[in-house]
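Below is one structure, written out as structure tokens; the observations come after it.
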Amino acid sequence: MTPLIQFNKVTKSFGQQTVLSQIDLSIDKGRITAIIGKSGVGKSVMLKHMIGLLKPDSGSIFLNGKDISKLSGKESRQIRQKFSYMFQNMALFDSMTVYENIALPIQERRLYKKDQIIQKVMNISNQLELEDINHKYPSQISGGMKKRVALARALITDPEIILFDEPTTGLDPIRKHAVFKMISENQQKFNYTAVIVTHEIPDIFYIAHEIAFLEDARILYHGDPKGIETCSIPVVKQFVEPAYGGNNQ
Amino acid sequence: MKNNPIKQFCQILGYALISFIYELGHITTFFIESFIRLFQYPFQYTKWMHQMYFIGVKSISVVCLTALFTGMVLGLQGYYTLVKFGSEGLLGSAVALSLIRELGPVLTAIMIIGRAGSSMAAEMGIMRISDQIDALYTMNINPKRFLISPKIGASIISFPLLTAIFDVVGILGGYMSGVVMLGINPAVYIKGMENSVLMTDVSGGFIKSIVFSIIVSTICLYQGYYTHLRSDGFGAKGVSISTTVAVVMSCVIVLIADYVLTSFLL
């Protein structure tokens, strides 16, 4: 089966610093793939490559077998319609209310009529407990609420591929669990492909179908969550072990 | 030859020239891309209105204040110069022509640069560094159409209107200082103005204001939009440098363009 997203020898540097070096990674359709690793290794950079926010210095990225660097403008736009992205720092529009932020993707792209937009926004607001703050501006709400607004905005277009950049950072444990549960349940219901960049281990292992561990500009481990628990690569072991209190169980 | 100063000088000059031409081309394509999207369906009426309110309506008070005192100073200075030649009756012509041909478009542009131009540059810069522009891209919303086009369109509409307001208030200012304070015959003031101001003067002033609107909006929005590409500052510092560069560059280019346009229009 052709992977949905495929990195083929992708290399990316910023100045003297190489962030991705000859990365090969396949992401299958209809599965949740988590990219984990230490802070600053380049996980978000990988995510941005998938949607075309960054272009690799060398190598290719394929989407459904097509090299995204060779797509025309129209083809790129059609591909991007399938994506949704949740930024690490939320990237909410300060001059718009919570309601307007969530409605923006479907309003601007004229995907639905006005009453349908209201219905969709209210549905997703209720799911994420945002109904009481729909009239507020991002500067008037907490970091955790902003995270949920960003998540609502990412989910509202019913995309085929959702890229989550640290979706639970800043949330309390109960809400973290709720967000992961929602991602997993929605994924099962709508069968979208999710790529999640996160530090939340071992929580992510319970919902991810595949884990990719990024370190030193390379993928050191790519496989199922059970495998990473018993991985013998020292840096992977060092990263994963504390999550289990020193025991890989 | 090691450390040849002539070679080094030529290299620096060449690099500066290439950078300048690259930047000029980049700004031009930025403007053309954004301008074309003004006419893309569906039209963004609401955004246009909002931007016209922000750029136009909210600049009226500062434009009126500047115009009033500019006109009064022109009246004052003009009177004491013309009276030496016994030509104080030409004060109306002098004030009106100076304002309509030159000071109206230029000072209006400079006031809007300070008020709206800096704000546009800062807004774009902050949106850039907080990933809001990238967020639009990921939502398949063209950032230039969504953010830039309405501001350019609103500027093109607002500048000539504000220039007209400047001209009128400035002429009134000249009337206040010349007629009310210094005792020139009001009929002479108004008649002088009526006889000397031609439609070509008015249209010339409006042509300048439209050109200045394109210059100011493009430069300010460009600087903010590409804040992340700055090598001399990142984050908040980058936004601050972009805003400063936007204001200074806009002012300088408006003055240069004023000379070029005047030489064509006269």
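The values are calculated or read from the model by the stated rules, or taken from the named source; none is laboratory data. On a predicted model such as this, the values are computed, not experimentally measured, just so you know. Every residue, glycine among them, receives a Cβ derived from its backbone with ideal geometry; neighbour counts consider all protein chains shown.
Please tell me if residue B:179 is surrounded by fewer than 24 Cβ atoms within 10 Å (Cβ to Cβ), farther than 20 Å from residue B:114 by Cβ and touching a Phe, Trp or Tyr at 6+ places or on another chain (Cβ under 6 Å). In short, yes. Does segment A:174-187 contain at least one residue that is of a type in the set (D, E, K, R), modelled with pLDDT of 85 or more, outside any loop (DSSP other than H, G, I, E, B) and crowded, with 16+ Cβ neighbours inside 10 Å? Yes: one or more hits.
A quick yes/no check of all residues on (1) out of contact with any helix residue (DSSP H, G or I) (no Cβ under 7 Å at 6 or more places or on another chain); (2) aliphatic (A, V, I, L, M):
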position: A:21; (1), (2): yes, no
position: A:49; (1), (2): yes, no
position: A:60; (1), (2): no, no
position: A:91; (1), (2): no, yes
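Confirm whether residue B:231 is of a type in the set (Gly, Ala, Ser), free of Cβ contacts under 8 Å to residues at least 40 places away in the same chain and assigned to a helix (DSSP H, G or I). Criteria not met by residue B:231.
Assess whether residue A:18 counts as being surrounded by fewer than 21 Cβ atoms within 10 Å (Cβ to Cβ) and either at pLDDT 90 or above or among the acidic types (Asp, Glu) (or both). The answer is yes for residue A:18. Of the listed requirements (1) touching a His at 6+ places or on another chain (Cβ under 9 Å); (2) under 13 Å from residue A:193 (Cβ atoms), residue A:55 misses just one: (2). Can you tell me which residue within segment A:93-107, out of those that are closer than 16 Å to residue A:118 by Cα and part of a loop (DSSP other than H, G, I, E, B), is farthest from the other protein chains (Cβ to nearest Cβ)? Taking the candidates together, the pick is A:97.
Within the option set B:54, B:43, B:69, being hydrophobic (A, V, I, L, M, F, W, C) and outside any helix (DSSP H, G or I) holds for one residue only, B:43. Tell me, yes or no, whether segment A:123-130 has at least one residue that is surrounded by 15 or more Cβ atoms within 10 Å (Cβ to Cβ) and out of contact with any Leu (no Cβ under 9 Å at 6 or more places or on another chain). Checked segment A:123-130: at least one residue is surrounded by 15 or more Cβ atoms within 10 Å (Cβ to Cβ) and out of contact with any Leu (no Cβ under 9 Å at 6 or more places or on another chain). Of all the criteria given as (1) on the phi > 0 side of the Ramachandran plot; (2) within 14 Å of another protein chain (Cβ to nearest Cβ), the one not satisfied by residue A:79 is (1).
Please verify whether segment A:141-159 includes one or more residues that are within 25 Å of residue A:197 (Cα to Cα), assigned to a helix (DSSP H, G or I) and of a type in the set (Ser, Thr, Tyr). No, the conditions are met nowhere in segment A:141-159. Just one of the listed residues (A:117, A:196, A:133) is in contact (Cβ under 8 Å) with a residue 12 or more places away in the chain, within 26 Å of residue A:52 (Cβ to Cβ) and in contact with a helix residue (DSSP H, G or I) (Cβ under 7 Å, 6 or more places away or on another chain), and it is A:196. Taken together, B:108, B:81 contain a single residue that is polar (S, T, N, Q), at negative phi and crowded, with 21+ Cβ neighbours inside 10 Å, which is B:108. The residues listed here are B:139, B:111, B:120; of these, the one that is in contact (Cβ under 8 Å) with a residue 40 or more places away in the chain and within 14 Å of chain A (Cβ to nearest Cβ) is B:120. For residue B:55, the requirement of being within 30 Å of residue B:145 (Cα to Cα) and buried (at least 18 other Cβ atoms within 10 Å of the Cβ) is met.
Of the listed requirements (1) part of a helix (DSSP H, G or I); (2) closer than 27 Å to residue A:29 by Cβ; (3) of a type in the set (A, V, I, L, M, F, W, C), residue A:122 misses just one: (2). Here residue B:133 clears all of (1) of a type in the set (A, V, I, L, M); (2) away from every other protein chain (no Cβ under 14 Å); (3) in a helix (DSSP H, G or I); (4) buried (at least 17 other Cβ atoms within 10 Å of the Cβ) except the condition numbered (2).
All of A:45, A:19, A:41 fail the test of being under 14 Å from residue A:218 (Cα atoms), hydrophobic (A, V, I, L, M, F, W, C) and within 14 Å of chain B (Cβ to nearest Cβ), apart from A:45.
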